[in-house]
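Below you'll find the structure, written out as structure tokens, and then a few comments.
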Amino acid sequence: MADVALRPNRAAAQTARKRSSLHNALRRKSTVAFLMALPLILLIATLVIYPAFYALHLATLNKSMSRFVGLGNFEFLFKRETFWLVVQQSCIFAITAVIFKAVLGFIIAHFVHNIPAKGQRKWRGMLLVPWVIPPAMSTLAWLWLFDPSYSAFNYTLSFFGIGPIPWTGDAYWARFSVILVNIWVGAPFFMIMYLAALKSVPEQLYEAAAIDGANWWQRIWYVTLPMMRNIIAITTLFSLIVTFANFDIVRILTAGGPLDHTHIFATWAFRIGIEGSDIPLGASVSLFMVPILAVAAIFILRDISKRGNEA
Amino acid sequence: MSRRKLSRRQFVAATALSSAALITAPYVRGAHAAGKLSIGFWDHWVPGANKASTDIVNAWAEKEKVEVQIDYIPSQGNKNLLTIAAEAQAKSGHDILAMPTWWPHAQAELLEPMNDVMEGLIKQNGEPNGTVKYLGQSKGKWLAVPASVGSQIKGPCSRIDLMKQHAGIDVKALYPAGAPPKADSWTLETFLKAAEACQKGGVPFGIGLGETSDNVDTAGAIFQSFGAALVDEKGNLTVKTDAVRQALEFYKKLISFLPPDAGAWDDSSNNKWLVSGRGALIMNPPSAWAVAKRDAPQVAEQCWTHGFPAGPKGRYAPYLSYFWGTWSFSKNKEAAKSVLRALSQADAIEKMCVASGGYDLPCYEKLTTLKVWQEEGPPKGTLYHYPNPHNHQTLSIAAAPAPPKIAQQIYTQATLTKMCLRYSKGEAMEKVLAWAEGECEGFMRS
């Protein structure tokens, strides 16, 4: 009987404990943060993770999607001359564009940083325009500028006795053109990130460096760059991913031509998967970006966390 | 209260009368008694052309009491191809979907057979051309119904004045309006000489060597004129043949007379070339002429659409067909077949051809002499030979006669124009052929 009499009390105590632990959990910042992020997590799971696994599944099927072929599609790709051309072009495109975007962004950020605060907002706004316009739209304008027969650039150059330059008709000029447009679109992103980082560098460090007799270059090398390293790394990683996975600029400007010399993974995957109705092979091409970007991400993020721990 | 007894004879008579009244009474149905139908049509280039399709479908829907939803899907940015791929993956979507050239074969396993529809249409409209049979049939099964909307021949559109002035060729005399062609002298040899003369005259032929369909179509027709195919109908490689070598030699000569940036041309480049007045000939359906009529009337007045030059193995012209397909998972297949029959009646086809200014081209043999092509102008008769009314050229598509699933890859990857470009840039013939053979081997994977 005593047991029976005690049981409701114990149960009540347990319920109260549970309630208080739930209450505590709900009061914890991390729980609230998790709950607030849950819709986004679900959205990502639906729109990113599911398609990613579906792409993996597709990549293991044969052309008519009726048979499991394992890594057969990847094996097939390794034997294709065009695939290696695409790998080469993707690397050239992404690395060159990211380097130039970073350098230009860094230089422009310094210029803007040195503009007096009153006029700075106007410059910042204007310099962000290429990044704010939808790339598909601005690339159409570039397409007109580079048009093989009616190029505005060639028309202008002709006044100086230069050209005509086959902007999109020659493999090397075409590569130059797509990279140039990518730099034009992406440099403002670097500029704004670097500008924010520059503004957060304590002025005392520059004063101390000046007292020590550091020149302009030494101030950049020993003060600015170390303080911006994390931002540089994160921005570079982000841009590398976006540039590697670029589609619109190349698709609109050259569609991968001439002779496949400007194809990057996304455009070639589209050509094969959608235009050529070989969805499994197209999925395999697009998945090929994953290991390359994963390696880059691991190296850069490891470097960032190492420095974070040192700090 | 009087009670009337119903005799057996009276009961039988009353029942028969009631039944007769029910049968003969008007068949009253609700507004959408026959269900719903969703259609994904190709969004036409020509302004106002979509209205003709809408009107025909609405008239049919009104009569059949079907609720119809029409989406016009543009081919700009390959939106239509993405829709086809997405619906095939999702096994859900429109009941009827417009599919360009290769897509009935690409989706063959997921399409409802249309033999019952096609049998009736062939009886009414005559046989479809060979290219439509090649693209629309598989193992005796019609995969889709050929659509007049969007179907086209990409034949030469020449400038009457410039061809006369620089090449000494009277295209109107070769292809007189209202009469069969007198084009025996219009051969690839003449074509090459004319290309050279026009290039020297500062108005080169506007033929691209890019990777889009206009470029590939022309290369396909020229290759076929030499009897050159990369893969035969049985799926055997035929890249390393004399015919292919001859076609490449011809193209190398032709390229030297084309605009220097032809390797970067897309489908809009030749249109712009004609409308700007910089060239003497392009290979296109009448859309470029129609734009010229609007933007540069003085150019349009000098345009003449005509037949392809003949090669050693015949006279070929690129025909690109659109189809209307119904998914096997469609929810209203009977209604879909019924509206496709309505859209394929001769009068409906004529309405759509007129609305598109003569651009649309039915594939049936009885429908290549509609008034629209005889009357359109200026100059009057400019479109007379566009639908190939005298069958003086074989309609074909680049990469045929290879099995369509292989041909689609050759076509999409622009293997033909790439071969021409490589060879013209100085790559050795055998190296070009070896490269193309490797590509085609890859396209054969199942």
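Taking the stretch B:257-304 as the range and being at the interface with chain A (Cβ under 10 Å from one of its Cβ atoms) and small (Gly, Ala, Ser) as the test, the residues that pass are B:ALA262, B:GLY263, B:ALA264, B:SER268, B:SER269, B:SER276, B:GLY279.
Of the residues that make up the stretch B:71-81, is at least one modelled with pLDDT under 95, surrounded by fewer than 19 Cβ atoms within 10 Å (Cβ to Cβ) and aromatic (Phe, Trp, Tyr)? No, every residue in the stretch B:71-81 fails to be modelled with pLDDT under 95, surrounded by fewer than 19 Cβ atoms within 10 Å (Cβ to Cβ) and aromatic (Phe, Trp, Tyr). Only one of the listed residues (A:SER138, A:SER151) is in the same structural domain as A:LEU240 (by the TED database) and under 21 Å from B:ASP267 (Cβ atoms). That residue is A:SER151. Criterion applied to B:GLU233, B:GLU196, B:GLU211, B:GLU249 was being farther than 30 Å from B:GLU376 by Cα, of a type in the set (Asp, Glu) and touching a Phe, Trp or Tyr at 6+ places or on another chain (Cβ under 7 Å), and the one residue passing it is B:GLU196. When the residues of the stretch B:142-189 are narrowed to those that are touching an Asp or Glu at 6+ places or on another chain (Cβ under 8 Å) and closer than 23 Å to B:LEU370 by Cβ, which ends up surrounded by the fewest Cβ atoms within 10 Å (Cβ to Cβ)? Filtering the stretch B:142-189 for residues that are touching an Asp or Glu at 6+ places or on another chain (Cβ under 8 Å) and closer than 23 Å to B:LEU370 by Cβ, the one surrounded by the fewest Cβ atoms within 10 Å (Cβ to Cβ) comes out as B:GLN152. Taken over the stretch A:245-270, residues that are part of a loop (DSSP other than H, G, I, E, B) and among the aliphatic types (A, V, I, L, M) amount to 4.
So which residues in the stretch A:178-218 are of a type in the set (Ser, Thr, Tyr) and more than 27 Å from A:TRP142 (Cα to Cα), if there are any at all? Hits for the stretch A:178-218 are A:SER200, A:TYR206. In the stretch B:84-98, is there at least one residue being of a type outside the set (Lys, Arg) and touching a Pro at 6+ places or on another chain (Cβ under 7 Å)? Looking for residues that are of a type outside the set (Lys, Arg) and touching a Pro at 6+ places or on another chain (Cβ under 7 Å), one finds none in the stretch B:84-98, hence no. Among the residues of the stretch B:84-107, those identified as within 9 Å of chain A (Cβ to nearest Cβ), part of a helix (DSSP H, G or I) and crowded, with 19+ Cβ neighbours inside 10 Å are B:ILE84, B:ALA85, B:ALA88, B:TRP103, B:HIS105, B:ALA106.
Inside the stretch A:245-282, residues that are more than 10 Å from chain B (Cβ to nearest Cβ) and either at pLDDT below 90 or out of contact with any Ser or Thr (no Cβ under 8 Å at 6 or more places or on another chain) (or both) make up a count of 4.
Let's see how each residue does on (1) out of contact with any Pro (no Cβ under 9 Å at 6 or more places or on another chain); (2) β-branched (Val, Ile, Thr); (3) farther than 15 Å from A:GLY257 by Cβ:
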position: A:VAL132; (1), (2), (3): no, yes, yes
position: A:MET137; (1), (2), (3): yes, no, yes
position: A:PHE146; (1), (2), (3): yes, no, no
position: A:ASN154; (1), (2), (3): no, no, yes
position: A:GLY169; (1), (2), (3): no, no, no
position: A:TRP173; (1), (2), (3): no, no, no
position: A:SER177; (1), (2), (3): yes, no, no
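Considering every residue within the stretch B:157-172, establish whether at least one is at pLDDT 95 or above, outside any helix (DSSP H, G or I) and among the acidic types (Asp, Glu). Yes, because at least one residue in the stretch B:157-172 is at pLDDT 95 or above, outside any helix (DSSP H, G or I) and among the acidic types (Asp, Glu). Of the residues that make up the stretch B:377-385, is at least one modelled with pLDDT of 95 or more and out of contact with any Asp or Glu (no Cβ under 9 Å at 6 or more places or on another chain)? Yes, the stretch B:377-385 contains a residue that is modelled with pLDDT of 95 or more and out of contact with any Asp or Glu (no Cβ under 9 Å at 6 or more places or on another chain). Can you pull out every residue in the stretch B:108-146 that is in contact with a Gly (Cβ under 7 Å, 6 or more places away or on another chain) and within 14 Å of chain A (Cβ to nearest Cβ)? If the condition is that a residue be in contact with a Gly (Cβ under 7 Å, 6 or more places away or on another chain) and within 14 Å of chain A (Cβ to nearest Cβ), then B:LEU111, B:LEU143 are the ones that fit. Condition test on A:MET191, is it under 25 Å from A:ILE241 (Cα atoms) and surrounded by 19 or more Cβ atoms within 10 Å (Cβ to Cβ)? Yes, satisfied.
Filter the stretch B:176-212 down to the residues that are of a type in the set (Val, Ile, Thr) and assigned to a helix (DSSP H, G or I) and list them by number. The one that is of a type in the set (Val, Ile, Thr) and assigned to a helix (DSSP H, G or I): B:THR190. The single condition from (1) at pLDDT 95 or above; (2) surrounded by fewer than 24 Cβ atoms within 10 Å (Cβ to Cβ) that B:THR212 fails is (1).
A:ILE249 falls short on exactly one of the conditions (1) of a type in the set (A, V, I, L, M); (2) within 22 Å of the chain's Cα centre (by Cα); (3) within 23 Å of A:LEU301 (Cβ to Cβ), and that condition is (3). Among the residues of this structure, A:ARG251 does not count as one that is assigned by the TED database to the domain that holds A:VAL185 and surrounded by fewer than 17 Cβ atoms within 10 Å (Cβ to Cβ). Just to be sure, is B:ASP71 in contact with a Ser or Thr (Cβ under 8 Å, 6 or more places away or on another chain) and either within 20 Å of B:MET352 (Cβ to Cβ) or touching a residue at least 40 places away in the same chain (Cβ under 8 Å) (or both)? Yes, satisfied. Just one of the listed residues (A:ASP260, A:ASP212) is within 29 Å of A:THR60 (Cα to Cα) and among the acidic types (Asp, Glu), namely A:ASP260.
Among B:LEU192, B:LEU254, which is of a type in the set (A, V, I, L, M, F, W, C), more than 14 Å from every other protein chain (Cβ to nearest Cβ) and surrounded by fewer than 22 Cβ atoms within 10 Å (Cβ to Cβ)? Step through it out loud before you land on a result.
Working: B:LEU254 fails: surrounded by fewer than 22 Cβ atoms within 10 Å (Cβ to Cβ).
After applying the criteria, what remains is B:LEU192.
The residue that is surrounded by the fewest Cβ atoms within 10 Å (Cβ to Cβ), counting only those in the stretch A:147-176 that are facing chain B (nearest Cβ under 10 Å) and among the hydroxyl-bearing types (Ser, Thr, Tyr), is A:TYR150. Can you find a residue in the stretch B:319-331 that is outside any loop (DSSP other than H, G, I, E, B), at pLDDT below 95 and charged (D, E, K, R)? No, the stretch B:319-331 contains no residue that is outside any loop (DSSP other than H, G, I, E, B), at pLDDT below 95 and charged (D, E, K, R). Checked against (1) on the phi < 0 side of the Ramachandran plot; (2) in a loop (DSSP other than H, G, I, E, B), B:ARG341 passes all but condition (2).
Each row is one residue, and each column tells you yes or no for (1) modelled with pLDDT under 95; (2) buried (at least 22 other Cβ atoms within 10 Å of the Cβ); (3) in the same structural domain as B:GLY77 (by the TED database).
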site	(1), (2), (3)
B:LEU230	no, yes, no
B:GLY263	yes, yes, no
B:ARG278	yes, no, no
B:ALA288	yes, yes, no
B:VAL291	yes, no, no
B:THR305	no, yes, no
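Against the test of being buried (at least 20 other Cβ atoms within 10 Å of the Cβ), basic (Lys, Arg) and within 30 Å of B:GLU439 (Cα to Cα), the options A:LYS63, A:LYS101 yield a single qualifying residue, A:LYS63. Given the criteria touching a residue at least 40 places away in the same chain (Cβ under 8 Å) and farther than 20 Å from B:TYR134 by Cβ, does B:SER321 qualify? In short, no.
Checked against (1) surrounded by 14 or more Cβ atoms within 10 Å (Cβ to Cβ); (2) not in a loop (DSSP other than H, G, I, E, B), A:GLN204 passes all but condition (1).
The values are calculated or read from the model by the stated rules, or taken from the named source; none is laboratory data. Predicted model only: the values in this text are computed from it and were never measured. Neighbour counts run over all protein chains shown; Cβ positions are idealised from the backbone, glycine included.
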